[in-house]
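Report on one structure; see the data block that follows.
What follows is calculated from the coordinates using simple rules that are stated; it is not laboratory data. In this text, all values refer to a predicted model and were calculated from it rather than measured experimentally. A quick note on method: Cβ atoms are made from the backbone with ideal geometry, for glycine too, and the neighbour counts reach across all protein chains shown.
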Amino acid sequence: MKTDVLATSFHVWDLDLWSVTHFCLFFITARQNPGFKEGVILFMLGGDWELFEHILGKKRPAWLGGCPFSSTEDGEEGRAWWYGRTSDIVVNSLGIIAANLT
């Protein structure tokens with residue numbers, strides 16, 4: 001099983017390179033759609049997506065199939081691609097806030 005390069009940890013909380021992609025995506029999206037109301041909508045969409053990922057990570061439907069990459073170094077399949085994290089919601093929020101401060 002291959003290792004997911006974006007799962008490279010920063011050894012702070014559970015932050016990794018996926019966290020950077022979350023920050024960038026939400027920064028760019030919030031920058032293109034500034035404002036409090038837009039930020040709240042973006043925050044809610046990000047939270048909903050993390051919940052969706054969490055559910056798929058626990059009970060993966062057959063139509064989704066398997067994934068060739070594992071997010072853990074020991075090859076454990078439990079976190080392969082679909083896993084929602086609280087840290088992602090925090091990083092999403094920081095991206096939204098940073099975009100609206102600049």
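Of the peptides 9-16, 38-45, the order by per-residue mean of other Cβ atoms within 10 Å, starting with the highest, comes out as 38-45, 9-16. Estimated at 0.36 nm per residue, the fully extended path between Leu51 and Asn100 surpasses their Cα-Cα distance by 15.2 nm. For the listed peptides 20-30, 49-59, a ranking on the average number of other beta carbons within 10 Å per residue, highest first, reads 20-30, 49-59.
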